[in-house]
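Chemist: Questions regarding the structure given below will be posed in turn.
The values are calculated or read from the model by the stated rules, or taken from the named source; none is laboratory data. For clarity, every value in this text was computed on a predicted model and none was experimentally measured. No Cβ is skipped: glycine too gets one built from the backbone with ideal geometry, and neighbour counts run over all protein chains shown.
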Amino acid sequence: MATLTIRNLDDSVKQALRERAARHGVSMEEEARVLLRRSVSETDGNEMAKPSGETFYDRVMALREKYGAFDLETPPRAMVAGERPVFDWLDDE
């Protein structure tokens, strides 16, 4: 991991970052990492960047609404474990 030092940061920006981090329950450093990561992902056109507030469940439900739901056919069980001969090729002699 790399280290980044930011000099000449306005006091108002630092205070806003401190307050934002407190609202999210994380350190100022973590909040800055999240903001930088999000900013860089958006400018690179990274489509994998997660929109704020959207969860995995929300994305799955959106796909389900778009393409619909379907049921998978469950194949019948042919044998129950313990009933099949595992070493039937061995002969006790």
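Chemist: In the set Pro76, Pro51, which member is loosely packed, with under 10 Cβ neighbours inside 10 Å, assigned to a loop (DSSP other than H, G, I, E, B) and either modelled with pLDDT of 85 or more or within 22 Å of the chain's Cα centre (by Cα) (or both)?
Modeler: Pro51
Chemist: Next question. Hey, can you tell me all the residues within region 5-20 that are in a loop (DSSP other than H, G, I, E, B), more than 14 Å from Leu36 (Cα to Cα) and either aliphatic (A, V, I, L, M) or in contact (Cβ under 8 Å) with a residue 12 or more places away in the chain (or both)?
Modeler: The answer is Leu9, and nothing else.
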